[in-house]
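**Q** Following this message is one structure expressed as structure tokens.
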Amino acid sequence: MTKKHLSNLEKLLQKEAKPEPVIQKQGKTGENRGKQGEKTEENRGRNLLEGLNLSRIWPEMKAAEEMSPRHLIRLHRMLSSKSMEYSPRNNLGSRWKEYHGCKDWLGLLDPLDENLRRELVRYGEFIQAAYHCFHSDPATSANENAHVARDVSLPDRSYKVTKSLYATSSIGLPKWVDDVAPDLGWMTQRSSWIGYVAVCDDKTEIQRMGRRDIVIALRGTATCLEWGENLRDVLVQMPGENELVDAQPKVECGFLSLYKTGGAKIPSLAESVINEVKRLIEMYKGESLSITVTGHSLGAALALLVADDISTCSPDAPPVAVFSFGGPRVGNKGFANRLESKNVKVLRIVNKQDVITKVPGMFVSEAIDKKLRDTGASGVLNLLDNSMPWAYSHVGTELRVDTTKSPFLKPDADVACCHDLEAYLHLVDGYLGSNESFRPNAKRSLEKLLSEQSANIKKLYTSKDDISSPEALPAAPSSRHSQLVPSSNVKFSRNGQFSYKKGHLEHCEIDDVVSSNKKITSFIRSGDLDSAFRVFESVKVKTVITWNSILAGFSRKYGFLEEARQLFDKIPEPNVVSYNTMLACYWRNADIQAAKSFFDQMPVKDVASWNTMISGFSQNGLMGEAEELFRVMPVRNEVTWNAMVAGYVESGELESALELFREAPVKGVIARTAIVTGYMRSGNVEMAEKMFQEMVEKSMVTWNTMISGYIENGRAEDGMKLVKKMVGSGIKVNDSTLSSLLLGCSNLSALKLGKQVHQHVVKSPLYLDMTVGTSLISMYSKCGVLEDAWKLFVEMPRKDVVTWNAMISGYAQHGESKKALSLFDEMRRKGMKPDWITFVGVLSACNHAGLVNLGIQYFEQMQNNYGVKPKPDHYTCMVDLLGRAGKLNEAVDLIRKMQFKPHIALFGSLLGSCRIHRNLEVAEFAAKNLLGLEPTNAAGYVQLANVYAAKNQWEGVSKVRKSMKENKVIKSPGYSWMEVGRVVHEFRSGDRLHPDLESIRMKLKDLEKKMKLAGYVPDLDSSLHDVGEEQKEQLLLWHSEKLAIAFGLMKLPPEMPIRIFKNLRICGDCHQATKVISAIETREIIVRDTTRFHHFKNGTCSCGDYW
């Protein structure tokens, strides 16, 4: 056969070569690689034919050994437009019923009609689409909506998917199987996606086919439980059949189980397919319709059950035909007769070497069964059919192909190859007739076959040249004696032009391309791109899957845009996945303009392409562009709506998100979770709770969104209760849950609970998780245990910028400014690029240490050296830094120079500085602006009143309080809290509720005497009440932090630090008193107020009295 194929090529070369247009690369931003030399038609043909000397390229019998099929195909493609022929796509209008089997395909199979060949290959590709869709996402999520069709990349764009189909096993595996291999849960799941229903909705195609076609495509066995059902090969009676009737229809127990069993939330395959077919028949009532059921292997078996059910449940159903590829036996002779009586037409495509088509059953050959019946033994055989549990029989008409007829497949190809769907399509595409040779100009590429069955391809076709770096060949010389270089140096680019490279390329045979692809994917998933690339470079037979796998690795890493672009340019035949992967890479690297240009030039787009663009615009806050694309998008799916709703939420446009959410045809868990996020961010906790409670299905993200929302809205206790409820529901916490939980511990200063979470983390796989480790650092820092935070930081094997930020901010908050700035320098030395949050920590460190000039220097470097644009948080730090240093006018000037509207915290910081420096003029300016932004902000009134009180202007204090009453502003009372044992104790100024109040007051009276003996003098300016000095002293003594300190001295052992947390800034008198107490009681006292930590020890404070 090889000689014949080469002979055909030689004949082809003898024809006059027609001029070819210069093909310009599509979908690329680069320029055309150049034109071939200008030639006349005559010269073009002569030079090419004279140059292509077969005796040089393929010496004698080594011709096929040296020439790979991909090169052979490309030569065909270049030299003749007719070298690779599709079966014609002719008009079937007048004969469509014949091709659909109304005459059992009489006269169409041997020789195989070219129109039928094309239809068979097309229906086989529908099954391939089902395989691809399943393997791209094999797991059936607990939240999966069976009523929403999955996005299937159909080979024929004239069809659209209307329904996803699921098959559920009635058997199960022990739970320990999932525990042993948790990542392969899809292999043991009871319900799995198995196929789809699609309908032709293209008017031109409907006219060509002569009717509107409804396709039901079903994949083969893929999961453990499906294999288990396959092995249940005892025949059972079909539901509703009379047991007393002779030749009663029976089918295999396992197949019937998969067809009829329903899942917990997923309907059975039978219910889904019948309901959808009835719906489509009703929708297109009055039109000429056909129903085509196609399947491979297990899917072929289920296809027969589907066809039988349709003809039974829908008496007025249009013609039903089954195209079965590599299908096993399904039922007995009674079942075959039943299908025939219902006029269900079945064409079984069978590979002679495929053993699957010969099982299950007692008889291995229908021919033997027929001979026995012809000899008068039909009565005995009918009795056996009814009584024997393995008396199987095939159904319908058979088209038999043969592996040994293929010039490319080994004659002794293994069982898997003989049953492989791509091998079937290859054999059908090359089949001419039972006594004919393989079609030499068959259209299908060997690339897919090579990628999956390379071990079964003849060795002469598995030697491949490296074609990863094509270079344009100069114009062919005009000399009649010019020759091309030998085949080992011949290369081809994607646009069909010759190229060559110098030197001899080594040939190697790859035993298993699929194995190499899996290795590449595995390395990429583990983050080891270097190892993945080494495997990629070692692969000589690179399929499009190989290229896409390594491209995905580069695309997922930020900063590898140029490498990904170069790699993409080398893919010989990129598919839509290649283009989508490259498109996603542009977005990941924030190259918005390049992404838009690339998308516009893409030669093929699917729904994923559009979704990638919409998601990219949404994630970059470009909702105008996203909406514009959304409105013109040809087909939308649930992902599209989710991306838009989430985009509006991220952009702070909750109303737009809600409007689109109401418009969405399907309101899935992702969209609902996005709305919960929007409500939480806007502070509308009640509406978030309502949406959460209404959700029937909740994902892990949904739970985490609610938990983090509670904590961010100051309801950490509710968040922790929800964590407990979530765990009680059997849902395991993940890194996001633990991060939120640790943040709740930080906000509540619940150190013991935080330590318990830490112990849980140590015992779990999340111990090395960078996000969890960073959250632990933050928790220990905010709970006042800076030493443990630093130990964790040092021990972490991997650190990202968030980890460094957490430690820098921790040092800054504790007043360890030198350590914070030193760590910032170390971060830069190690090549870690600081972000805007890094500089918030750095500026805070400068602020707490009063390093004004250094803070100004960092503020300028942030913009000039690192390209970080100032945010409100940076300006707040700078205003506080300048204000506390007494540079109030400079702080006001900085506010006025801001390029965006000042926010409340900015004026709050300025007001605090005015109280320290008793600057009433600036204070009134700050208060006026603050209350203009938020008239009910109690802090603004209180801060202004504090300034008036500091200047003894009690009339001003009175006016502020009167204004608060008029505006119904309620001041949040000051309070402190601490953790003793497992109980959090709360104290308020002048507390009258604490159960140990008497003992606390006695302790404070005793402390007051000792403090005064040590030189303590109450700071009466810290009392903002217009009362006498003695009463002021009494009020100061009962401040909440003093009550907490007294309680801690009573309840905590001497060696344990007293940790107190306060909701307001510590006053001057309490700060002075705590220093004295730390000295006379020889205790370390740690106080966290709203701005920082104060570490009191031996009569001094870590803040150096600058706070």
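The values are calculated or read from the model by the stated rules, or taken from the named source; none is laboratory data. Just so it is clear, the model here is predicted, and its values are computed rather than measured. Positions of Cβ are backbone-derived with ideal geometry, glycine not excepted, and every protein chain shown enters the neighbour counts.
**Q** Among the listed residues H848, H874, which satisfies the condition of being crowded, with 24+ Cβ neighbours inside 10 Å and part of a helix (DSSP H, G or I)? I'd like the intermediate steps shown before the answer.
**A** Numbers: H874 fails: crowded, with 24+ Cβ neighbours inside 10 Å.
Of the residues listed, the single one that is crowded, with 24+ Cβ neighbours inside 10 Å and part of a helix (DSSP H, G or I) is H848.
**Q** Let me ask you something else. Mind checking which residues of region 921-938 are crowded, with 16+ Cβ neighbours inside 10 Å and closer than 22 Å to K962 by Cβ? Spell out how you get there, then give the answer.
**A** The initial filter retains those residues of region 921-938 that are crowded, with 16+ Cβ neighbours inside 10 Å, namely 922-927, 929-931, 937.
Within region 921-938, A923, E924, F925, A926, A927, N929, L930, L931, N937 meet the criteria.
**Q** Please indicate, with yes or no, whether at least one residue in region 251-258 is within 21 Å of G396 (Cβ to Cβ) and in contact with a His (Cβ under 9 Å, 6 or more places away or on another chain).
**A** Taking every residue of region 251-258 in turn, none turns out to be within 21 Å of G396 (Cβ to Cβ) and in contact with a His (Cβ under 9 Å, 6 or more places away or on another chain).
**Q** Here is a further query. Taking region 276-296, which residues are farther than 20 Å from E98 by Cα and either in a helix (DSSP H, G or I) or modelled with pLDDT of 95 or more (or both)? Show your work before the answer.
**A** Keep residues of region 276-296 that are farther than 20 Å from E98 by Cα, which gives 276-286, 295-296.
Within region 276-296, E276, V277, K278, R279, L280, I281, E282, M283, G295, H296 meet the criteria.
**Q** Filter region 402-449 for residues that are among the small types (G, A, S) and not in a helix (DSSP H, G or I); which is surrounded by the fewest Cβ atoms within 10 Å (Cβ to Cβ)?
**A** Of region 402-449, the ones among the small types (G, A, S) are 406, 413, 416, 423, 430, 433-434, 437, 442, 445.
Keeping just the survivors that are not in a helix (DSSP H, G or I) gives 406, 413, 433-434, 437, 442, 445.
Numbers: S406: 23, A413: 22, G433: 11, S434: 14, S437: 13, A442: 24, S445: 15.
Per the criteria, the residue is G433.
**Q** Only one of I266, I214, I206, I194 is in contact with a strand residue (DSSP E or B) (Cβ under 7 Å, 6 or more places away or on another chain), part of a loop (DSSP other than H, G, I, E, B) and of a type in the set (A, V, I, L, M, F, W, C); which?
**A** Working: I214 fails: part of a loop (DSSP other than H, G, I, E, B); I206 fails: part of a loop (DSSP other than H, G, I, E, B); I194 fails: part of a loop (DSSP other than H, G, I, E, B).
When all the criteria are applied, what remains is I266.
**Q** Next up: Condition test on V984, is it surrounded by 14 or more Cβ atoms within 10 Å (Cβ to Cβ) and β-branched (V, I, T)?
**A** Values: surrounded by 14 or more Cβ atoms within 10 Å (Cβ to Cβ): yes; β-branched (V, I, T): yes.
So V984 passes the test.
**Q** Moving to a separate point now. Being farther than 15 Å from S1040 by Cα, touching a residue at least 40 places away in the same chain (Cβ under 8 Å) and assigned to a loop (DSSP other than H, G, I, E, B), is that true of even one residue in region 1065-1072? Let's see the steps before the verdict.
**A** Within region 1065-1072, the first condition is being farther than 15 Å from S1040 by Cα, and the residues that meet it are none.
No; the residues of region 1065-1072 include none that is farther than 15 Å from S1040 by Cα, touching a residue at least 40 places away in the same chain (Cβ under 8 Å) and assigned to a loop (DSSP other than H, G, I, E, B).
**Q** Going through region 570-595 one residue at a time, which ones are touching a residue at least 60 places away in the same chain (Cβ under 8 Å) and either under 24 Å from D528 (Cβ atoms) or of a type in the set (S, T, Y) (or both)?
**A** K570, I571, Y579
**Q** Another one. Checking G683 against (1) over 14 Å from G709 (Cα atoms); (2) part of a loop (DSSP other than H, G, I, E, B), only one condition comes out false. Which one?
**A** (1)
**Q** Can you tell me which residue among N937, N889 is polar (S, T, N, Q) and within 17 Å of R1065 (Cα to Cα)? Full working, then the answer.
**A** Working: N889 fails: within 17 Å of R1065 (Cα to Cα).
Of N937, N889, the one residue that is polar (S, T, N, Q) and within 17 Å of R1065 (Cα to Cα) is N937.
**Q** Take D201 and decide whether it is crowded, with 16+ Cβ neighbours inside 10 Å and assigned by TED's automatic domain parsing to the domain that holds R118.
**A** Details: crowded, with 16+ Cβ neighbours inside 10 Å: no; assigned by TED's automatic domain parsing to the domain that holds R118: yes.
For D201, the condition - crowded, with 16+ Cβ neighbours inside 10 Å and assigned by TED's automatic domain parsing to the domain that holds R118 - is not met.
**Q** So I856 ticks every box in (1) part of a helix (DSSP H, G or I); (2) touching a Phe, Trp or Tyr at 6+ places or on another chain (Cβ under 6 Å); (3) over 30 Å from V969 (Cα atoms) but one. Which box is left unticked?
**A** With respect to (1) part of a helix (DSSP H, G or I); (2) touching a Phe, Trp or Tyr at 6+ places or on another chain (Cβ under 6 Å); (3) over 30 Å from V969 (Cα atoms), I856 is out only on (2).
**Q** Something else now. Only residues that are among the aliphatic types (A, V, I, L, M) and farther than 17 Å from S775 by Cα: list them for region 706-738, please.
**A** Step one: list which residues in region 706-738 are among the aliphatic types (A, V, I, L, M), which gives 706-707, 711, 716, 720, 722-723, 726-727, 731, 733, 738.
Those that are among the aliphatic types (A, V, I, L, M) and farther than 17 Å from S775 by Cα: M706, L722, M726, V727, I731.
**Q** Regarding region 706-721, can at least one residue be identified that is in contact with a helix residue (DSSP H, G or I) (Cβ under 6 Å, 6 or more places away or on another chain), farther than 29 Å from T140 by Cα and among the charged types (D, E, K, R)?
**A** Initially, region 706-721 is screened for residues in contact with a helix residue (DSSP H, G or I) (Cβ under 6 Å, 6 or more places away or on another chain), giving 706-711, 713, 716, 718-720.
Next cut, farther than 29 Å from T140 by Cα only: 710-711, 713, 716, 718-720.
Pick out the ones that are also among the charged types (D, E, K, R) and you get 718.
Looking for residues that are in contact with a helix residue (DSSP H, G or I) (Cβ under 6 Å, 6 or more places away or on another chain), farther than 29 Å from T140 by Cα and among the charged types (D, E, K, R), one finds at least one in region 706-721, hence yes.
**Q** Just one of the numbered conditions (1) surrounded by fewer than 21 Cβ atoms within 10 Å (Cβ to Cβ); (2) within 19 Å of R1092 (Cβ to Cβ) is not true of N864; which one?
**A** Of everything listed in (1) surrounded by fewer than 21 Cβ atoms within 10 Å (Cβ to Cβ); (2) within 19 Å of R1092 (Cβ to Cβ), N864 misses just condition (2).
Here's the yes/no breakdown for (1) basic (K, R); (2) touching a residue at least 24 places away in the same chain (Cβ under 8 Å); (3) touching an Asp or Glu at 6+ places or on another chain (Cβ under 7 Å); (4) farther than 30 Å from L751 by Cβ:
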position: F987; (1), (2), (3), (4): no, yes, no, no
position: D991; (1), (2), (3), (4): no, yes, no, no
position: H994; (1), (2), (3), (4): no, yes, no, no
position: L1007; (1), (2), (3), (4): no, yes, no, no
position: D1021; (1), (2), (3), (4): no, yes, no, yes
position: E1033; (1), (2), (3), (4): no, no, no, yes
position: A1044; (1), (2), (3), (4): no, yes, no, no
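**Q** Among the residues of region 548-565, write down those that are more than 16 Å from the chain's Cα centre (by Cα) and either closer than 13 Å to Y579 by Cα or of a type in the set (A, V, I, L, M) (or both).
**A** The answer is N548, I550, L551, L561, A564, R565.
**Q** Looking at (1) closer than 26 Å to S549 by Cβ; (2) more than 19 Å from the chain's Cα centre (by Cα), which is the one condition that is false for A608?
**A** Unmet for A608, out of (1) closer than 26 Å to S549 by Cβ; (2) more than 19 Å from the chain's Cα centre (by Cα): (2).
**Q** To continue, here is another question. Going residue by residue through region 756-770, is there one that turns out to be surrounded by 22 or more Cβ atoms within 10 Å (Cβ to Cβ), touching a helix residue (DSSP H, G or I) at 6+ places or on another chain (Cβ under 7 Å), more than 24 Å from R1092 (Cβ to Cβ) and of a type in the set (F, W, Y)?
**A** The answer is no, given that none of the residues of region 756-770 is surrounded by 22 or more Cβ atoms within 10 Å (Cβ to Cβ), touching a helix residue (DSSP H, G or I) at 6+ places or on another chain (Cβ under 7 Å), more than 24 Å from R1092 (Cβ to Cβ) and of a type in the set (F, W, Y).
**Q** Given the conditions (1) crowded, with 16+ Cβ neighbours inside 10 Å; (2) part of a helix (DSSP H, G or I); (3) in contact (Cβ under 8 Å) with a residue 12 or more places away in the chain, and given that K698 satisfies all but one, which numbered condition is not satisfied?
**A** The single condition K698 does not satisfy is (2).
**Q** Continuing with this model, one more query. Check K732, K724 and return the single one that is in a helix (DSSP H, G or I) and surrounded by fewer than 20 Cβ atoms within 10 Å (Cβ to Cβ). Talk me through it step by step, then tell me what you get.
**A** Working: K732 fails: in a helix (DSSP H, G or I).
Answer to the check: K724.
**Q** A further question on this structure: Restricting to region 945-990, count the residues that are under 21 Å from G714 (Cα atoms) and touching a Pro at 6+ places or on another chain (Cβ under 9 Å).
**A** 2
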